[in-house]
Amino acid sequence: MSGEQLGPWAAALWTLAGMLVIAALAPLMEGLIRKLRARIHSRQGPPITQPYLDLAKLLIKEDLRVSPSVLLRMGPLVFLAAMLLAGGLIPLWPTGEHAYGGDAIVFAYLLALATGSVIITGLASRSPFSVVGASRETVMMAGTEPTLVLSLLVVAVNAGSLRFTDLAGFQLAAGTELSVIVAAVAYVLALQVLVARIPFDIAEAETELMGGPFTELSGPSLALCKLAMYTKPLIFSLLFLQVFLPWLGAAVPWAWLQPIVVLAAVFLLNLLAVGVIDALNPRLRVDQAVGYMAAVAVIAITAMAYAALAPH
Amino acid sequence: MTAKQVLDQITEEAGRHLVDSRMPRPSRLYVTIGREALRGVTELLFRKLGGRYVVGGGTDLREDEGCYLISHIFALDPDDIYVVLHTRIPEDDAVVPSITPLIPGANWAEREIHDTVGVELLGHPDPRRLILSDDWPEDVFPMRVDQPHDAQPPYLANPKQDMKPAPDGSHVVPIGPFFPVLEEPAHFRVFVEGEMVVGCDYRGFYSHRGIEKIACTELTYNQIPFIAERICGICGFVHSCCYCMAVEEAAGIEIPERARYIRTVMLELERLHSHLLWTGIAGHIIGFDTLLMQTWRMREPLMWLAEEITGNRKTYGMNLVGGVRRDFTDEAIEKTLKVIGDLEREWKALLAAIPGDATLAARLRDMCVLTPEEGVELCVTGPTARGSGLAMDVRVDHPYMAYRDLKSMRKIVAREGDVMARTMVRLEETLVAVDIIREALENIPEGPIFAEIREEIPPGLEGLATIEAPRGEVVHWVLTGEENRPRRWRVRAPTYANLQTIPAMVTGDTLADVPIGIGSIDPCFSCTERLEVVDASSGRVRIYSADELTGRGSSLNAQ
């Protein structure tokens, strides 16, 4: 189904439901990644519900603002809202009577809005660290946007549509294409950068920049940004599974079980890929990351060229 | 070259300005010259004889001799000689020529001389305050004898923040005084253009505690080892050993053989736990917390071992002038061999894994390079020197305690001068330390551990001792005094010399590399004590004064 078939109110409700699921599960995902990291460190680690406790504690603290600028007030709000909305657009059921998903271009816009609000927050904070963090975030965005958009567009070109449900449905119906496989490879290689975890947590590099763009935030503002950061592994892995590996969800016989299986797979993917890579590597410098992102973008461009030129 | 030959050359250079000289042993040459000859003899020792500048200090002898004693210590490492150059400055004409134009590495020592005894350094290129805080009054000099140790002079009303201005076109990013990677307060004022570092200024000594002063006014010879141990939060035993060795040298006290071996083993155990700590910190700085957690996990058994042997994890309390206070039992020796054996196994695995790790190499190779020439000019020491190809190690060049007998000792030198080189030097030194401990414990002689001292130590004797601490050469110079305490005690920790390299090291690299660059010299600010990145293009940065922040209202000069 699509938004037109559902009508605006139902579509809004479905999106809101998606947003709530993401918001509720993101801290759990973060808690599990932390637990895995702790085990790799040969230590116990905090309980997996710790991020919920962290956010709750931050929400009751004073929101000390370094300037009265409205940008600083709105930045964290827009960041979280954009991330959650983007996440809400991703279908939990790719096909079938419950399938509802958003538009890939809107998704990309929302992500860009999210990153833009991080940059603005950093610049509005007026700390030398947050400004450097904002500039690094700009570089990282410039590096990952092409890959993200291109890999989605490759599937879109093949599917002839920009809706997520059609992107998923196309592969289920027609089987996969070489260009889609290459685009999937590019996406996977970009995943660690998209979720901004080590070796690519460069904008926020604690030991170099204190907190990067978030240095001067406190209390509820910081809580909003933290939650938004927690949603990243969830959103990008969910997108990967639903667009590039829709067979996983489709293989589950009962409709009510599908999103549960998909989310479980998302958790597993994040732990084994994002979490393990995060724990076993030092952080890269921004110029080194640029080299990596450029190489991945080349792969995405190749996939796109093939998709555009090859006969369907 | 022998000390006699060095003395002959100094005599020739100083001519009629040579006042007197002493050579109590082949490795120690004490020469007193007039200040007119200071520059000439300094040039002779540094440039012609290739000596390394160690440290300088000022002593207030106005009560006894109506003058200030300015001293500079040089090392001739290949010949195992230390030359202590004294010069007496009359109290009514308290000016001495600065040697910093000749030896950049003498910069801090001379500024400290001014801060402590108030002697003016003529021709010093950068005569700013070093160890005194910005709001300390101008004319109060702590190490002068008429200055009580517990005086609390009034704050200066409008203290200057005497930091260098940013070069045109660059911004300032302040690293410190409080920053995630610094465990102690320090202020690196880094000048950047974008992410590229174009310069750096340093303001330190936030933790300056006046230890030298209190030792010479309130404490006795045998109380000082315990305060010496608290100079540093990691390498305390080095300081207590070095102080005791200096007094033992001055007073001519021979400690028993077994005590030498015990001190050696404890020194190497300290090196182990210090290098393991550093490896973890270096990992944390570059975002590799797994390295931090694992190396510190390997380090814990060493701390428990130290606690079993000495009663403490780090502040061993083992030393007194004349020997050590606790002996090694057979169980302790067995336990030590087992603990270091376990560590050695895991460490070898770590050593094998590190060079192959590509991301680690990307962060550590070719970063923050210190060239051998810069190292010589700035008189660096320890792994910082050995990482740049300067093969100096006090344990080999100027052997002390049991090192003369131990064959496991070898120098670890790398050529590249980058962070990776300094890292590998420390990693491999850890294995050498394990070998040394094993050899020392297997060959430890029986006998007493303490030489009783029956007479008072006479005043006016000089002693100099050096030790290779985990960070480099530690120097303690003692001038014995009345009332069972030193007249003057000068401590120089290795980070004092190595910190001066930071501006040279980080310029030309990016901001991301500054923390690991600072970390790679293994800075120990507590030992030393006694960075701001400014970006000019963004506009003005307002710095609030302490008074403004606490509401008292007066203002500092901004920027």
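What to note about this one:
- Under the Karplus curve 6.51 cos²θ - 1.76 cosθ + 1.60, θ = phi - 60°, whole-Hz ³J(HN,Hα) for region A:295-308, x wherever Gly or Pro sits: 4, 5, 4, 4, 4, 5, 5, 4, 4, 5, 4, 5, 5, 6
- Put simply, the amide H of B:Glu193, placed in the peptide plane, has neighbours under 5 Å in B:His171, B:Val198, leaving out anything fewer than 5 places away on its chain.
- With R₀ fixed at 41 Å, the C-beta to C-beta distance from B:Asp330 to B:Asp150 puts the FRET efficiency at about 0.30.
- On the basis of the beta-carbon distance and an R0 of 35 Å, A:Leu28 and A:Ala112 show a calculated FRET efficiency of 0.85.
- The protein assembly as shown: radius of gyration over Cα atoms, expressed as a fraction of 2.2 N^0.38 Å: 1.11
- Cβ crowding within 10 Å, taken as a proxy for footprinting-reagent exposure, orders B:Thr336, A:Thr49 from fewest neighbours to most as A:Thr49, B:Thr336.
- For the residue pairs B:Lys160/B:Lys213; B:Lys314/B:Lys411; B:Lys348/B:Lys407, the C-alpha atoms sit more than 23 angstrom apart in B:Lys160/B:Lys213; B:Lys314/B:Lys411.
- Between B:Arg209 and B:Phe450, the distance separating the two model label sites (each 7 Å from Cα on the Cα→Cβ line) works out to 2.4 nm.
- All C-alpha pair distances within region B:225-495, sorted into 5 Å bins from zero, spread as 1, 6, 12, 17, 18, 17, 12, 8, 5, 2, 1, 0, 0 percent across the bins.
- Each of A:Glu62 and B:Glu36 was given a label point 7 Å from its Cα along the Cα-to-Cβ line. The distance between the two points is 6.7 nm.
- Rg/Rh, computed from the Cα trace of region B:452-509 with Rh as the Kirkwood radius, has the value 1.23.
- Counting neighbouring beta carbons within 10 Å and listing from fewest to most, the residues B:His208, B:His398 come out as B:His208, B:His398.
- For region B:111-149 and region A:216-292, distance of Cα centres in Å: 58 Å
- Dimensions in Å of region A:1-119 - Rg and Dmax from alpha carbons: 17.7, 53
- Label-point separation, B:Asp405 to B:Ala352 (7 Å along Cα→Cβ), nm: 3.5 nm
- Under 5 Å between amide hydrogens, built in the peptide plane, is the criterion, and for B:Ile81 it picks out B:Leu76 among residues at least 5 positions away or on other chains.
- Using a Förster distance of 45 Å, the FRET efficiency for A:Leu53-B:Arg415 (Cβ separation, nearest 0.05): 0.35
- Sequentially through region A:36-41, phi angles give Karplus couplings (6.51, -1.76, 1.60; θ = phi - 60°) of 4, 4, 4, 5, 5, 7 Hz, Gly and Pro residues having no value and appearing as x.
- Applying the Karplus relation 6.51 cos²θ - 1.76 cosθ + 1.60 with θ = phi - 60° to region B:94-103 yields 3J(HN,Hα) values of 7, 10, 9, x, 7, 9, 4, x, 7, 10 Hz, where x marks Gly and Pro.
- Here, region B:237-330 has an Rg and a Dmax of 15.8, 50 Å when only alpha carbons are counted.
- Listed by chain and number, the lysines placed with their C-alpha closer than 23 angstrom to that of A:Lys61 are A:Lys226; residues fewer than eight positions away on the same chain are left out.
- As a ratio to 2.2 N^0.38 Å, the alpha-carbon radius of gyration for region A:3-309 is 0.98.
- Volume per residue that the Cα convex hull of region B:1-160 spans, once the total is divided by residue count, Å³: 121 Å³
- Structure-based [θ]222 nm, chain B - -39500 (n - 2.57) summed over DSSP H runs of at least 4, per residue, nearest 500: -11000 deg cm²/dmol
- Peptide B:352-364 has a mean shielding of 2, counted as Cβ atoms of other protein chains within 10 Å of each residue's Cβ.
- Alpha-carbon centroids, region B:408-422 and region B:23-90: separation in whole Å: 30 Å
- Relative counts (whole %) of C-alpha pair distances in chain B, using bins that are 20 Å wide: 21, 55, 23, 0
- Of the GluC sites (Glu not before Pro) in region B:425-514, the ones in a loop by DSSP (not H, G, I, E or B) with at most 16 other beta carbons within 10 Å are B:Glu446, B:Glu452, B:Glu455, B:Glu456, B:Glu482, B:Glu483.
- Computed on the Cα atoms alone, the convex hull of region A:200-312 gives a volume of 155 cubic angstrom per residue.
- Residues with amide H under 5 Å from that of B:Val19, placed H, sequence gap 5 or more: B:Thr32, B:Ile33, B:Gly34
- Separation between Cα centres of region A:1-62 and region A:137-169, rounded to whole Å: 24 Å
- Checking every one of the GluC sites (Glu not before Pro) in region B:128-212 against DSSP loop status and a limit of 14 other Cβ atoms within 10 Å picks out B:Glu138, B:Glu183.
Each value in this text was obtained by applying a stated rule to the coordinates, not by laboratory testing. Note that the structure is a prediction, hence the values are computed from the model and not measured. Virtual Cβ from ideal backbone geometry, glycine too; neighbours counted across all protein chains shown.
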